[in-house]
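The structure appears below as structure tokens.
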Amino acid sequence: MTWSRALKETARDGLSIERTRLEPLVALRGACGVAIVVGLTLWLGSPTLAVSSAFGAFSAGLATFQRSWRPRPALALAAAAGLAVSTFLGYLAAAHTATFVVMLAVWTLLTGMAWAVGPVSGLVATQMVAVMLVTVTLPTSLLGAVEHAALIGLGGVVQAALIVLFPVRPWGVQRDALADALAAVADYARRLRQDPVAPFDPTPLMDARSAAALTPRQARRRPRQLRGYRLLAERIRPVLASLADPVVGAAAEGPERDRARELLGATATVLDAVAHAIRRGVTVRLPPEAMAVLEVPPTGPKLDGAARRAALRLMALVNDVVESSDEPVETVTAEGGRDRRYLPSPTPAGRVRVVWRALRRESRWSSPVFRHAVRVSVVASGGYLLGSALPWGHGYWAPLTSVMVLRPDFGQTFSRGVARFTGTLAGVLVAGVVVALADPAPWVSALLAVACVGSLYLLMRTGFIVASACIGAYVVFLLGIAGAAPGETVQARVALTLLGGVLAMAAYVVFPAWETPLLRDRLADWLAANGHYATAVFDAHARPADRRPRQVREALLDARAARAAWEQLEARAQREPVRHRGLSRRAAREAQTALSTTGRVTMLLEAHLPDHAAPPSAEAGEFAAALRTALPEAAAAVRERRPLDWEPLGEVLERWQRRAGDRPGVAVRGAELLLEALEDLADVLKVAPPGRR
């Protein structure tokens with residue numbers, strides 16, 4: 001992609017406004033938290049204290065709106081604690097410019113590495129840097145540092161208390177995650193009626209699994225509707241695929257296909273009804289017409305062989321869904337034990353280990369997160385010095401904009417830069433006109449600032465340009481409490497915002513962290529993960545008595561994580577103005593299709609795992625051993641741009657086919673489809689001679 005096209009697309013993304021579901025009560029609660037803190041400090045203290053305290057309540061409330069499975073009060077308190085520490089350190093160093101610049105560089109480097117833990121941690125860390133930059137404008141002393149840090153922490157305590165006292169849709173994010181997973185499986189069943197090999201995005205199932213990670217106390221307090229459904233959705237999905245597949249399931253045409261379409265449609269209807277009930281927190285209403293379809297017809301079974309087994313399994317699973325809608329049932333997990341109905345959340349010590357491993361993993365020069373941390377550290381300290389040297393005042397706005405704009409990837413950085421300047425320009429101009437014409441008193445300015453905060457909380461998910469406009473107006477009204485001149489505020493805010501955005505974009509151009517060269521590495525990781533998943537399933541077919549469901553389950557989760565990492569990297573690479581000679585965009589799409597097929601074929605085989613009492617299959621064991629041997633060399637070949645060789649695997653499959661004769665089983669057909677997909681991958685990644693590239 002050329003630079004002109006990349007800039008055009010990122011600018012379009014930054015200026016876009018999306019339609020999304022609004023939560024006015026949640027936004028009102030967050031705005032009330034800011035209003036309480038600002039009102040109390042304005043009444044009992046001074047306008048300067050009101051301005052300082054507003055940042056704590058505002059940032060703590062902003063943290064609770066991020067997509068996270070943790071309890072919202074805990075997010076508010078954690079954000080407030082980090083903001084208080086950042087404020088205290090900023091006050092201690094603000095008296096000397098050199099000391100403050102050194103501390104700012106070190107602090108931004110540490111907070112930039114927070115993106116290694118996750119996006120929520122990265123966003124909260126960004127707010128901590130923003131608060132540290134703001135503190136340099138206020139009085140500095142040890143007592144003042146403690147006082148203002150306490151006010152910042154008070155804002156988080158107020159936000160957390162409001163969430164506890166006035167809960168709005170409790171367990172809402174967990175409800176949405178589970179409902180989205182069920183709705184995704186329902187949509188998959190509906191699409192399988194027309195396309196028997198329709199793709200499926202496992203992201204909703206991954207989100208539902210993450211949302212199910214709870215502490216024992218949370219698990220006891222969790223609503224009944226959040227129990228049991230996730231595992232049922234996980235088990236229904238492969239059965240749907242095996243029923244619809246024309247190779248191992250129902251015939252492509254005829255009565256079998258008609259019956260399969262009826263079962264798929266009825267399953268989709270039931271899952272949609274359950275998803276709606278979970279999302280709304282109401283009683284499940286199951287349509288009787290769909291339930292009638294999910295029974296053996298009075299005229300007898302219309303399916304035969306593997307398709308009939310899949311249909312009976314599907315009916316049993318949907319029946320479990322129906323029973324769970326009335327009363328939670330005890331089920332057997334994929335790991336072979338009793339279902340605890342929740343995933344244990346890591347202990348505090350476990351979280352520390354997870355964070356430490358994430359930081360160590362990203363502490364290398366080639367890591368996009370580490371390069372982002374270095375980039376934001378240099379830009380923040382340099383932008384502060386440059387903004388301080390300019391005659392407009394409020395020099396911290398330039399590095400503040402740079403910190404809020406910079407992200408570890410190119411697309412978000414440039415789209416947010418355009419959105420930040422455009423939205424800030426609109427918000428500052430509107431607020432400046434209001435202040436200039438009305439000349440509001442401090443209390444009126446405080447009310448207008450709170451209104452802007454409420455608008456931000458309400459419209460935050462519609463686009464960064466809208467959020468920037470609300471923040472720009474909020475800052476103007478907030479500084480109006482302390483008596484700042486509106487003309488000076490507008491002029492300085494616009495100019496320094498533009499300067500900060502330009503610095504952020506220029507820093508990424510000078511010191512980039514391109515994702516495109518990593519495409520082959522992520523593709524090799526996905527191939528290896530899918531291969532391990534297939535090996536675990538074939539081992540289960542080879543030795544049913546020794547089958548370990550936990551091994552298959554963990555391999556499936558690793559394959560999903562590898563696929564998600566590839567898709568995230570590939571989406572970012574598409575927006576970058578660079579070209580990787582080892583893998584074209586077309587080859588990347590076709591390789592993704594081939595690997596998605598390998599995962600789908602393995603899922604079909606998992607749906608037909610034999611019973612523990614079934615006889616072992618030596619041929620399946622030989623195929624699994626050959627695949628296990630070929631995987632390391634294949635992954636290395638993908639990384640090093642060498643041709644893939646699946647010939648030894650093909651020889652093992654030919655022997656298996658000869659022994660199977662005219663009646664091959666599901667495992668043989670699955671091995672054929674798997675090898676075909678792997679050969680397609682080899683054809684896609686075939687490197688042309690140097691003279692014909």
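The values are calculated or read from the model by the stated rules, or taken from the named source; none is laboratory data. Keep in mind that what you see is a predicted model, and the values were worked out from it rather than measured. Please note: Cβ atoms are built from the backbone with ideal geometry, for glycine as well, and neighbour counts cover all protein chains shown. The area values use the complete protein model at the heavy-atom level, side chains included, leaving out ligands, DNA and RNA. Shrake-Rupley method; radii C 1.70, N 1.55, O 1.52, S 1.80 Å.
I'd like to know how the stretch 595-655 sits against the 2.2 N^0.38 Å rule of thumb: what's its Cα Rg over that expected value? Walk me through the numbers on the way to the answer.
Working: Rg = 13.9 Å, N = 61, 2.2 N^0.38 = 10.5 Å.
Compactness ratio reported: 1.33.
Ordered from highest to lowest accessible area with the whole protein assembly present and a 1.4 Å probe, Arg364, Arg659 read as Arg659, Arg364. Dividing the convex hull volume of the alpha-carbon atoms in the stretch 538-590 by its residue count gives 89 Å³ per residue.
Against the chain, whose longest principal axis is taken from its Cα atoms, helix 585-607 shows a tilt of about 60°. Shape call for the stretch 567-693 from the C-alpha gyration tensor, a ≥ b ≥ c root eigenvalues: rounded (a/c under 1.5), prolate (a/b greater than b/c) or oblate? Cα axes put the stretch 567-693 in the prolate bin. Can you give me the % of accessible surface on the stretch 171-212 that is carbon or sulfur? Probe 1.4 Å, all protein chains present, nothing else counted. Here it works out to 51 percent. Helix 229-244 and the long axis of the chain differ in direction by around 50°, with both axes built from C-alpha atoms.
If you take the Cα atoms of the chain, find Rg, then find the Kirkwood Rh from the mean of 1/r over all pairs, what is Rg/Rh? Walk me through the numbers on the way to the answer.
Details: Rg = 28.7 Å, Rh = 28.0 Å.
Here Rg/Rh amounts to 1.02.
Summing Cβ point charges (Lys, Arg +1; Asp, Glu -1) relative to the Cα centre of the stretch 506-655 gives a dipole of roughly 680 debye. The Cα center of the stretch 1-80 and the Cα center of the stretch 571-610 differ in position by 37 Å.
Amide H contacts of Ala213 (H built 1.01 Å from N, in plane; Pro and chain starts excluded): Leu343 sit under 5 Å, all sequence-distant by 5 or more or on other chains.
So for Ile471, Ile17, what's the accessible-area order with a 1.4 Å probe, most first? Walk me through the numbers on the way to the answer.
On the way: Ile471 30, Ile17 115 Å².
If we order Ile471, Ile17 from most to least accessible, we get Ile17, Ile471.
Each part reduced to its alpha carbon centroid, the stretch 198-249 and the stretch 107-132 end up 32 Å apart.
Before anything else, pin down the relative contact order of the chain: Cα pairs under 8 Å, at least 6 apart, normalised by residue count, whole percent. Please report the intermediate quantities before stating the final value.
Details: 1057 pairs, mean separation 109.9, N = 693.
The value is 16 percent.
Compute the angle between helix 618-639 and the longest alpha-carbon principal axis of the chain, please, reported from 0 to 90 degrees and rounded to the nearest 10. It is inclined by approximately 40 degrees. Centre-to-centre separation between the Cα atoms of the stretch 291-307 and those of the stretch 512-566: 35 Å.
What a 1.4 Å probe finds exposed on the stretch 22-69 is 73% carbon and sulfur by accessible area, rounded to a whole percent.
Per the Kirkwood treatment, what hydrodynamic radius in Å, one decimal, follows for the stretch 83-173 from the mean inverse distance over all distinct Cα pairs?
Values: mean 1/r = 0.0696 Å⁻¹.
Kirkwood hydrodynamic radius for the stretch 83-173: 14.4 Å.
3J(HN,Hα) along the stretch 500-505: x, x, 5, 4, 5, 5 Hz, from the Karplus curve 6.51 cos²θ - 1.76 cosθ + 1.60 with θ = phi - 60°, whole Hz, x for Gly and Pro.
At 222 nm, what value in deg cm²/dmol follows for the chain if DSSP H runs of at least 4 each add -39500 (n - 2.57) and the sum is divided by all its residues, to the nearest 500?
Values: 27 runs with 500 residues, N = 693.
Theoretical 222 nm ellipticity from helices: -24500 deg cm²/dmol.
Across all Cα atoms of the stretch 1-158, the radius of gyration (one decimal) and Dmax (whole number) stand at 17.6, 58 Å.
Put Thr299, Thr203, Thr602 in order of accessible area, highest first, and with a 1.4 Å probe you get Thr299, Thr203, Thr602. Accessible area per residue for the chain is 45 Å², calculated with a 1.4 Å probe on protein heavy atoms, without ligands, DNA or RNA. Compactness ratio for the stretch 184-245: Cα radius of gyration over 2.2 N^0.38 Å (N = residue count) comes to 1.34. Mean silhouette area of the stretch 499-571, derived from the convex hull of its C-alpha atoms and averaged over all directions, reads 6.2 nm².
With θ taken as phi - 60° and the Karplus curve 6.51 cos²θ - 1.76 cosθ + 1.60 applied, the whole-hertz 3J(HN,Hα) list for the stretch 55-70 is 5, x, 5, 5, 5, 5, x, 5, 5, 6, 8, 6, 6, 8, 8, 6 Hz, x standing for glycine and proline.
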